[in-house]
Structures are given as structure tokens and as C-alpha cells.
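The values are calculated or read from the model by the stated rules, or taken from the named source; none is laboratory data. None of these values were measured; they are calculated from a predicted model. Cβ placement follows ideal geometry from the backbone for every residue including glycine, while neighbour counts extend to all protein chains displayed. Accessible surface areas use protein heavy atoms only, side chains included; no ligands, DNA or RNA. Shrake-Rupley method; radii C 1.70, N 1.55, O 1.52, S 1.80 Å.
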Amino acid sequence: MNGINSEIINEGVDVAEALFTLNRAAKRLNRLLWYNKKMSNGKCAQHKLIKLQQKYYSLKEDVIANLVDNGLAEVIGIHSKEVYGNRTYFTYYRVGNYKFHLPTKTNEDLPYLGEYFKYNSEYNYKSPMRITKAEYLLESFVKEGSI
């Protein structure tokens, strides 16, 4: 099989689910950063959490770009959201049964979908995949370039 290690594929691991797991972990880090503003050393030191969060979001961006290039992700449009008093725009992607947002690049000409609102159901789904497995799968996917 070309691409990611066959034992990972045979376990039924889905790249979209791994991406979902990674995205949730990055959002969880955002909440930790909010509550641990004064932590300067140790496992939850702010600079370590920021570095890990940037790594996760960078990996998410690479994977989605790769999926779009391979025709495995669909670009739906652009959402807007007010963040700290500034209007921010996000490109909305569909990967399998999951949907993701990435900050919009200035040259994208996509349909505007309106204001983005989170639904409580987004928080209720628990992914059975561990973050370490998701991270390994997605890094392998980026290195290989396809499934």
C-alpha cells in the first residue's frame, strides 16, 4: 500500500478523525493557556503550551492543504467571527464527516457563509483516538503526501 504505514490504515484509523483529535487538543491547550497565565515553569509552563499549540495548528494547516490538493477535503466557504473586537475570517473545510476552520488567506475568493456560531454538540463528541496516535498519523500523512 502506498502512503501511510499499512498497519495504521488496517486499524481503521481515519485521517479526518485524527485531524479532529488534534484540533480538539489544540483548543484544549487554548483553555489551559487562559487559566495558567502565571505558570512559568513545569509541564504546563505557558511557553511550552504555546509552542505545542503552534505545532498542532501548523500540522492541521499542512494536513488540510494536503487533503485539498489530493481532493479529499472540500473548501466550503468563509465564515466570520468577532474576536476581541476585531472581525476575523476563517475558511471552512469539510473532511469526511468533520468540518474545520483555518484563518483565511487574503487572496481567497470563496462564498461568504455569514457569522460563525459554535453549537454545544461540537463539545459533546469524544474521539476514541489518543492525541499521540493522531499526531503520528498526521505527521506520517504529511511526509508521505497521500494516504
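For THR104, enumerate residues with amide H under 5 Å from its amide H, sequence gap 5+ or separate chain, H modeled in the peptide plane.
TYR89, PHE90, THR91
When only the heavy atoms of the protein chains count and the probe is 1.4 Å, how do TYR112, TYR89, TYR56, TYR84 rank by accessible area, highest first?
TYR84, TYR112, TYR89, TYR56
What distance in nm lies between label points placed 7 Å from Cα along the C-beta direction at LEU110 and VAL142?
Output for this residue pair reads 1.9 nm.
In whole Hz and in residue order, list the ³J(HN,Hα) couplings for segment 84-89 that follow from phi through the Karplus curve 6.51 cos²θ - 1.76 cosθ + 1.60, θ = phi - 60°; x for Gly and Pro.
Values per residue, Gly and Pro as x: 6, x, 10, 7, 10, 10 Hz.
Going from most exposed to least, what order do ARG24, ARG94 have by accessible area with a 1.4 Å probe?
On the way: ARG24 60, ARG94 90 Å².
Solvent-accessible surface, decreasing: ARG94, ARG24.
Could you pull the accessible area for LEU22 with a 1.4 Å probe, rounded to 10 Å²?
Roughly 0 Å² of LEU22 is accessible to a 1.4 Å probe.
With a point put 7 Å past each Cα toward its Cβ, work out how far ASN70 is from ARG31 in nm, to one decimal.
With each label placed 7 Å out from Cα toward Cβ, I get 3.1 nm.
Once the whole set of protein chains is in place, how much accessible area is left on GLU144, using a 1.4 Å probe, in Å² to the nearest 10?
Approximately 100 Å² of GLU144 is accessible to the 1.4 Å probe.
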